[in-house]
């Protein structure tokens with residue numbers, strides 16, 4: 001309940017064109033007791049990450065010890081260290097001006113990130129001590145600006161052409177080919193922009209399978225991209241499941257962007273998979289789906305195999321992705337008791353395995 | 001986008017080197033991964049998916065040491081190493097720190113079986129792959145001893 005109040009009262013930081021505005025007619029069910037997301041408020045992507053602040057610390061250090069020093073920082077409490085590449089040409093220009101500088105005295109900056117409760121000064125001094133530095137290097141600490149990296153991440157998202165006349169287009173761009181099947185997305189921080197090989201593989205699989213009128217299940221829906229694509233290809237209905245509430249939020253928003261009516265797409269928040277309660281409380285009918293795709297990771301697709309297959313009708317097609325080609329043999333072995341006519345598509349190191357559910 | 005080493009036909013310009021610790025299978029677009037990679041405009045989701053897929057074989061939440069080379073065209077490559085031997089030794093022994101006087105004061109003991117299990121994990125590290133298991137075991141015993149942790153045949 002307190003989570004609900006938190007969302008309701010949080011001042012909306014406006015990400016300008018990146019606002020997640022969710023229309024009130026959509027809703028989703030949660031199989032865990034809801035800290036229910038009331039979706040009539042305007043939400044912004046960064047809202048959920050206000051609870052994840054960090055410290056951005058810039059540390060000056062002599063160039064010749066940057067490697068041991070950054071390793072030491074990681075040992076003593078830094079979450080990450082980044083060093084800009086030493087630009088030889090720039091340094092040569094500077095030498096003319098400051099002819100006194102020698103290699104050892106050249107300083108570079110380490111950009112590091114610390115957890116917000118960490119004692120930065122102590123960490124830096126312990127790290128310096130451990131490599132025999134006589135003085136504590138100069139540093140300054142700022143509260144991390146999450147708006148900055150979230151925005152930069154969103155800006156990377158460009159329209160992607162998956163196949164002829166099938167495009168994935170960010171919410172803030174107009175479709176390059178207006179007559180194509182365009183799936184409009186604001187992925188937020190959920191997986192599925194169309195750029196990743198596994199998303200492409202699953203989209204192509206879906207395009208080949210959906211003839212019209214199918215019931216589709218997207219297990220691990222992320223941004224909802226597959227569930228929405230299925231409907232655009234002509235499926236009768238889509239269902240999406242994910243363990244991440246942010247994914248459900250993102251999928252909701254993307255469904256609205258693509259004018260998907262409520263009755264065509266239902267979304268469910270599943271409890272995180274552990275060995276015992278493998279999402280047994282998801283309120284979806286068994287053996288009702290014509291196509292089921294799970295684009296997740298090796299461990300969940302292995303653990304949840306029986307569960308994922310249980311939703312498919314006999315004779316339905318099941319697609320499994322998010323796995324590397326080296327992991328394929330394990331997955332094939334796990335799923336072959338249930339599937340026949342197994343085929344595999346590959347892009348780079350990633351594969352998508354599909355087969356039909358055995359009838360008996 | 002993540003690219004395999006074999007795709008480099010020409011030497012790409014490196015923008016930065018980023019090092020961080022990420023729990024196996026647990027990369028998320030949140031601090032520290034988010035800001036560390038976001039600053040250099042690297043594709044966060046691609047990294048998370050890639051890293052999580054490649055660390056499926058490790059026990060979840062094991063802190064993996066990641067080194068990312070970010071190129072000026074926003075592409076990147078990364079290598080993943082399992083935690084240091086001293087981390088594994090401390091974990092196996094159930095201690096927070098090694099001995100304050102290694103060689104004189106023994107904090108606790110581990111069995112040769114522990115050493116073997118740790119060696120098996122380290123063998124799948126890049127840069128470690130060609131070392132014979134026996135050499136890795138010897139190095140682990142050395143590290144344990146230097147922390148004041150004795151190796152015994154069997155824990156009784």
Can you tell me the relative contact order of segment B:34-89? Whole percent, Cα pairs under 8 Å, sequence separation 6 or more.
30 percent
Counting only the backbone N, which residues of segment A:189-225 are under 19 Å from the spot 7 Å out from the Cα of residue A:165 toward its beta-carbon?
A:203-213
Between segment B:15-83 and segment A:285-359, the Cα center-to-center distance that results, in Å
27 Å
With a Förster distance of 41 angstrom and the Cβ-Cβ distance between residue A:303 and residue A:67, calculated FRET efficiency to the nearest 0.05 equals 0.55
For a Förster distance of 56 Å, can you work out the FRET efficiency between the beta-carbons of residue A:174 and residue B:138, rounded to the nearest 0.05?
0.30
Can you compute the modelled spin-label distance between residue A:106 and residue B:59, with each label point 7 Å from Cα toward Cβ, in nm?
4.4 nm
At what distance in nm do the modelled label points of residue A:330 and residue B:14 sit from each other, each positioned 7 Å from its Cα along Cα→Cβ?
3.2 nm
Counting other chain Cβ atoms within 10 Å of each Cβ in B:18-30 and taking the mean gives 5
Per residue of A:110-119, what is the mean number of Cβ atoms on other protein chains within 10 angstrom of that residue's Cβ?
3
Relative contact order %, chain B, counting alpha carbon pairs below 8 Å whose residues are six or more apart:
22 percent
Determine the shielding of peptide A:292-304 by partner chains: average, over its residues, the number of Cβ atoms on other chains within 10 angstrom of each Cβ.
2
What spacing in nm lies between the two simple spin-label points modelled at residue A:60 and residue A:138, each 7 Å away from Cα in the Cβ direction?
0.2 nm
I need the peptides A:178-184, A:237-243, B:18-24 ranked by packing, meaning the mean over residues of other C-beta atoms within 10 angstrom, with the highest value on top.
A:237-243, B:18-24, A:178-184
Taking every DSSP beta bridge that has both residues in chain B, what percent is antiparallel when rounded to the nearest 5?
75 percent
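Values quoted throughout were computed directly from the atomic coordinates according to the rules given, and no laboratory measurement underlies them. For clarity, every value in this text was computed on a predicted model and none was experimentally measured. Note: ideal-geometry Cβ built from the backbone for every residue, glycine included; neighbour counts use all protein chains shown.
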